[in-house]
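Here's the structure, in structure tokens; my notes come after.
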Amino acid sequence: MSKIIFQAPPPRASAHEIALFSANVINQINQRLEEVRLRLRETQPVKVGSVTLGLYACGRGCLTCPHLKWSIWWAHRTVKANLFRAHPIQAPLRRLHSTGDFAAGAAETRRLVEEAQRLFKVRSELAKGIGIMRRALIRAADQSEEG
Ligand SMILES: [Zn+2]
């Protein structure tokens, strides 16, 4: 699979179709984010300065899981050895290297990071709508208990 081409739902799509459409888009986004995560390991050398993407579930049962967690590899000196350690970062685009060993994959790396950020934004927008649906369903269930 490659970059997702988003298609708008048909103009006269029913509520049922839109719900299915949303679920399908969310699945595609999640699959693509996993691909981007793996690909970022290939477009950069395995060394200090390499930016990695982690995907994690926050465990709060929220609708925007998995979240993106960006890190950068950093040299960590101990008494015994030089180790790599991943440091969390907030703005991955500002931390990308493009010279030396990084030059060959730099353009693709940048595109992948931008794509992941865009996909997360799209999915977060959809999650807002799904949150509204969830609350409506919970209210409906509450009311049916009362009635
Ligand atoms: Zn979450």
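Any read-out appearing in this document is the output of simple, stated calculations on the displayed coordinates, not a laboratory observation. As the structure is a computational prediction, the values presented were derived from the model and not from experiment. Using ideal geometry, Cβ is built from the backbone for each residue, glycine included, and neighbour counts are taken over all protein chains shown.
The residues on offer are ARG123, ARG94, and the sole one that is crowded, with 16+ Cβ neighbours inside 10 Å and basic (Lys, Arg) is ARG123. Taking the criterion of being surrounded by 13 or more Cβ atoms within 10 Å (Cβ to Cβ) and either within 12 Å of the ligand (Cβ to nearest atom) or not polar (S, T, N, Q) (or both), the residues of the stretch 36-47 that qualify are VAL36, ARG37, ARG39, LEU40, PRO45, LYS47. Looking only at residues in the stretch 75-90 that are surrounded by fewer than 10 Cβ atoms within 10 Å (Cβ to Cβ) and charged (D, E, K, R), the one that is farthest from THR52 (Cα to Cα) is LYS80. LEU33: closer than 17 Å to LYS3 by Cα and within 16 Å of the ligand (Cβ to nearest atom), yes or no? So LEU33 fits the description; yes. Does PRO66 satisfy the condition of being touching a strand residue (DSSP E or B) at 6+ places or on another chain (Cβ under 6 Å) and within 30 Å of PRO10 (Cβ to Cβ)? Considered against the rule, which asks whether it is touching a strand residue (DSSP E or B) at 6+ places or on another chain (Cβ under 6 Å) and within 30 Å of PRO10 (Cβ to Cβ), PRO66 comes out as yes. Taking (1) free of Cβ contacts under 8 Å to residues at least 12 places away in the same chain; (2) touching a Leu at 6+ places or on another chain (Cβ under 7 Å) in turn, ARG111 satisfies each apart from (2). Pairs linking a residue in the stretch 1-22 that is of a type outside the set (A, V, I, L, M) to a residue that is in a loop (DSSP other than H, G, I, E, B), with Cβ atoms under 7 Å and 6 or more positions apart or on different chains, are GLU17/PRO9; PHE21/PRO9; PHE21/ALA13.
For (1) within 16 Å of the ligand (Cβ to nearest atom); (2) closer than 20 Å to VAL113 by Cβ; (3) in contact (Cβ under 8 Å) with a residue 24 or more places away in the chain, each residue gets a yes or a no:
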position: GLY49; (1), (2), (3): no, yes, yes
position: THR52; (1), (2), (3): no, yes, yes
position: ALA57; (1), (2), (3): yes, no, no
position: GLY61; (1), (2), (3): yes, no, no
position: LEU68; (1), (2), (3): yes, yes, yes
position: TRP74; (1), (2), (3): no, yes, yes
position: VAL79; (1), (2), (3): no, no, no
position: ALA86; (1), (2), (3): no, yes, yes
